[in-house]
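The values are calculated or read from the model by the stated rules, or taken from the named source; none is laboratory data. In this text the structure is predicted, and so the values were computed from the model without any measurement. Neighbour counts are summed over all protein chains in view; Cβ atoms, including those assigned to glycine, are modelled from backbone coordinates with ideal geometry. Accessible surface is based on the protein model in full, side chains and every heavy atom, while ligands, DNA and RNA are left aside. Shrake-Rupley method; radii C 1.70, N 1.55, O 1.52, S 1.80 Å.
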Amino acid sequence: MKAFITGITGQDGSYLAEFLLGKGYEIHGLIRRSSTFNTARIDHLYRDFHDPAARIFLHYGDLSVSGQLTDLLYDIRPDEIYHLGAQSHVRVSFDMPEYTGDVTALGTLRLLEALRKTGIPTRFYQASSSEMFGAAPPPQNESTPFRPRSPYAAAKVYAHHMVCNYREAYGLFACNGILFNHESPRRGETFVTRKITRAATRIKLGLTDRLYLGNLDAKRDWGYAGDYVEAMWLMLQQERADDYVIATGHTHSVREFAQKVFGILGLDYEKYVVIDPRYFRPTEVDVLLGDADKARRILGWQPKVNFDALIAMMVEADLDLAGREKTLLEAGYVVSGNSQQG
Ligand code: NAP
Ligand code: GDD
């Protein structure tokens with residue numbers, strides 16, 4: 001089996017690539033040209049393409065360029081497409097609404113069009129998002145109306161409906177996975193969970209003394225990314241294409257997350273966390289709490305890692321990272337990547 005993954009260099013792309021390699025897939029990933037390396041999350045999986053054992057192949061491209069997506073599909077002829085590429089940061093989408101619409105909304109349309117034009121019998125997964133529920137009261141499931149509260153959410157709603165439309169209009173096997181927040185040690189450092197575990201562990205080792213955050217009262221249904229990529233694959237193995245909510249069914253506030261992380265490290269979060277209004281969003285999603293009953297019944301999917309285990313995993317990984325950072329700093333090296341942007 002051959003899979004094409006957009007967003008392979010992101011958190012989910014790396015876990016999905018690992019998962020599919022374990023199932024014997026050949027993997028093709030879309031990567032952006034960048035002046036610094038952007039493949040850190042998949043370096044442990046990658047082998048040079050000259051190596052006969054190579055099973056991951058990377059192709060330069062961008063979701064804002066349609067012709068090339070069509071060419072790539074012609075050349076690769078994948079059995080499955082996992083479309084994870086997006087401008088995925090909600091706060092940033094308020095600063096860059098047009099770019100977010102171009103990549104996150106129209107990027108999906110470009111890929112669907114490429115698929116329709118090539119006529120390849122491929123199964124398509126779209127990374128929809130619980131952020132689309134926005135102001136809709138919890139719990140949220142597949143029947144909950146979307147009430148988007150950010151340019152990112154509006155872009156995802158557009159992409160979601162285009163997937164439904166291409167399924168109905170052209171008979172494509174296309175699924176929307178409406179995933180609630182999912183985290184891991186590979187989470188981008190400007191998303192709140194990782195921002196907290198990175199800062200708290202650095203504080204523990206004396207590398208910094210402050211963590212600037214925004215709204216501590218927002219509540220999210222946080223799961224583990226490694227569990228969620230299995231659900232993506234399961235959706236594409238069904239007889240019929242459909243849309244599914246993927247969530248843990250538990251919700252916690254940002255404050256509670258911070259309290260637990262600092263607590264594990266023997267620290268009191270109130271001594272270190274400073275509220276900076278720059279991190280507030282013009283419109284906020286107050287509570288996300290998913291009902292994944294449909295996925296449980298039809299896909300047989302359920303999460304394995306709970307909230308406490310997720311936090312323990314992230315703290316352990318970031319404590320190790322902070323330790324290595326400290327060693328390098330003490331040896332006189334400059335260490336980057338500790339910006340509290342986002
Ligand atoms: P992520 O870590 O931010 O990864 C995003 C990926 O998209 C990266 O590989 C990025 O490439 C790529 N990308 C961004 N702009 C692109 C462009 N113009 N052309 C091609 N590729 C581009 O996101 P994630 O957490 O893995 O999430 C994966 C997908 O699921 C996203 O669509 C996200 O919106 C959605 N989602 C995520 C969650 C969650 O909680 N994680 C929940 C629901 C839905 P670079 O590495 O070069 O930046
Ligand atoms: N990023 C960030 N930084 N968020 C903060 C901060 C901060 O300093 N302080 C408080 N928060 C709050 C945000 O206001 C939000 O309510 C919550 O923490 C979670 O923020 P993020 O971790 O940035 O995630 P998100 O929920 O906005 O979006 C993520 O989940 C969506 C699924 O619901 C992203 O992964 C999206 O791509 C995904 O679709």
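Working note: 222 nm ellipticity from helices only, DSSP H runs with n ≥ 4, each -39,500 (n - 2.57), summed and divided by the residues of the chain, gives -11500 deg cm²/dmol to the nearest 500. With a/c under 1.5 counting as rounded, go ahead and sort segment 167-295 into rounded, prolate or oblate using the C-alpha gyration tensor (a ≥ b ≥ c being the square roots of the eigenvalues; past the cut-off, prolate if a/b is larger than b/c, else oblate). Note, shape of segment 167-295 comes out prolate. For the chain, the longest principal axis of the alpha carbon atoms and the long axis of helix 11-22 meet at an angle near 60°. Around the amide H of ALA136, modelled in the peptide plane, lie the amide H atoms of ARG147, all under 5 Å away and 5 or more residues distant in sequence or on another chain. Using R0 = 22 Å, the C-beta based FRET efficiency linking ASP71 and THR39 works out to 0.50.
Amide H to amide H distances under 5 Å link HIS250 with GLY290, where only residues 5 or more positions off or on other chains count and H is placed in the peptide plane. Calculated accessible area for the chain comes out at 45 Å² per residue, all protein chains present (probe 1.4 Å; ligands, DNA, RNA ignored).
Rounded to the nearest Hz, the phi-derived 3J(HN,Hα) couplings of segment 310-327 under the Karplus curve 6.51 cos²θ - 1.76 cosθ + 1.60 (θ = phi - 60°) are 5, 4, 4, 5, 6, 5, 4, 5, 6, 5, 4, 4, 5, x, 5, 4, 5, 4, where x marks glycine and proline. Note on the chain: with charges restricted to the Cβ of Lys and Arg (+1) and Asp and Glu (-1), its dipole about the Cα centre is near 120 debye. Among the lysines of the chain, pairs that are 8 or more positions apart or on different chains and have alpha carbons within less than 18 Å of each other number 12. Each of VAL92, HIS182, ALA54 was placed along the dipole of the chain (beta-carbon charges, centred on the mean Cα), and the one lying farthest toward the positive end is VAL92. Centre-to-centre separation between the Cα atoms of segment 288-317 and those of segment 211-281: 11 Å.
Computing the accessible area with a 1.4 Å probe over protein heavy atoms, can you report the carbon and sulfur percentage for the chain? Carbon with sulfur: 50 percent of the solvent-accessible area. Is segment 245-315 best put as rounded, prolate or oblate by its Cα gyration tensor, with a ≥ b ≥ c the root eigenvalues, rounded for a/c under 1.5, and otherwise prolate when a/b is larger than b/c, oblate when not? Taking the square roots of the gyration eigenvalues as a ≥ b ≥ c, segment 245-315 is oblate. When the chain is treated as a GNM with alpha-carbon contacts under 10 Å, the residue of ASP243, ASP293, ASP217 showing the greatest mean-square fluctuation is ASP217. Here the gap between ASP217 and GLU270, fully extended at 0.36 nm per residue and compared with their Cα-Cα distance, gives a gain of 17.7 nm.
Close amide H pairs (under 5 Å, H built 1.01 Å from N) link VAL287 with LYS219, residues at least 5 positions away or on another chain.
As a rough guide to protection, the peptides 90-103, 195-208 ranked by mean Cβ packing within 10 Å, highest first, stand as 195-208, 90-103.
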